[in-house]
Amino acid sequence: MDIWEKLYQKAKEQYHPQEVSPFIYAHHVVCALESENGEIYTGFCIESCAGVMDLCAERVAALNMYIQSQQTVVKRMIAFRDQPPFGKGSGMPCGACREFFMQLNEKNQDMEIMVDYQTREIVTLKELLPLWWGEERYQEQKS
């Protein structure tokens, strides 16, 4: 079993769409990520009638990683709805999640994101955000 199969199986455990209340829907998008030290963390999407309170599965998984281990670097990530990612656009993190991962740690630009589970096609976060606005701050921090 390769790492992508492990990530898929862990995320799949979280998939069970449900109405938490008449206002909140959850577990319809799931995510698993591998941290820098090889541990796996999961998350699920939770949406409400007030969009500002929504949380994507990717950010929930990253927050679980940080809360449980203080880690901020992600090596690999898979996210999906009812089936594994199956081509361009499928399984892609939204803009807010892309931004969050870039701000969480500059090493996350190298994180691998599953695009097509069957063919094991991946992209890196840097490919999705090639001219990211915050690179200068990381460079200033190093000086």
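What follows is calculated from the coordinates using simple rules that are stated; it is not laboratory data. Bear in mind that the values here come from a model prediction, so they are computed numbers and not experimental data. Ideal geometry is used to build each Cβ from the backbone, glycine not excepted, and the neighbour counts take in all protein chains shown.
Entry for the stretch 61-143 at q = 0.12, 0.13, 0.22, 0.26 Å⁻¹: log10 I(q)/I(0) = -0.37, -0.43, -1.07, -1.30, Debye formula applied to identical alpha-carbon scatterers, no solvent contribution.
If each residue of separation counts as 0.36 nm, what is the full-extension length gain between Ala96 and Cys49 once their alpha-carbon separation is subtracted?
15.1 nm
Helix-only mean residue ellipticity at 222 nm, the chain, DSSP H runs n ≥ 4 weighted -39,500 (n - 2.57), per residue, nearest 500. What is it? Intermediate results must be reported in sequence, preceding the final value.
Details: 5 runs with 45 residues, N = 143.
When only DSSP H runs of four or more count, the value is -9000 deg cm²/dmol.
Computed from backbone phi, the HN-Hα couplings of the stretch 79-85 come to 9, 6, 9, 8, 8, x, x Hz, rounded to whole numbers (Karplus: 6.51 cos²θ - 1.76 cosθ + 1.60, θ = phi - 60°; Gly and Pro given as x).
Taking 22 Å as R0, compute the FRET efficiency from the Cβ-Cβ separation of Gln139 and Glu36 and round it to 0.05.
Numbers: r = 21 Å, r/R0 = 0.96.
Step by step, r from the Cβ atoms, then E = 0.55.
The stretch 97-113 and the stretch 10-38 have Cα centres separated by 20 Å. Protection proxy ranking, highest mean first, for peptides 109-116, 54-61: 54-61, 109-116, where packing is the per-residue count of other beta-carbon atoms within 10 Å, averaged. Protection proxy ranking for 23-32, 68-77, using the average of other Cβ atoms within 10 Å per residue and placing the highest first: 23-32, 68-77. Extension gain, Asp2-Tyr15: 0.36 nm per intervening residue step, less the Cα-Cα distance, totals 2.6 nm.
Fully extended, how many nm does the chain gain between Gln68 and Arg120 (0.36 nm per residue separation, minus their Cα-Cα distance)? Could you put the intermediate results ahead of the total?
Working: separation 52, 0.36 × 52 = 18.72 nm, distance 2.85 nm.
Gain in length upon complete extension: 15.9 nm.
Remark: for residue pairs Lys12/Lys107; Lys107/Lys142; Lys88/Lys126, the C-alpha separation exceeds 18 Å in Lys12/Lys107. Provide, for q = 0.10, 0.11, 0.20 Å⁻¹, the log10 of I(q)/I(0) from a solvent-free Debye sum over equal Cα point scatterers in the chain. Summing over Cα pairs of the chain leads to -0.33, -0.39, -1.21.
In percent, how large is the relative contact order of the chain, given Cα pairs closer than 8 Å and 6 or more residues apart?
Working: 271 pairs, mean separation 25.3, N = 143.
Relative contact order here is 18 percent.
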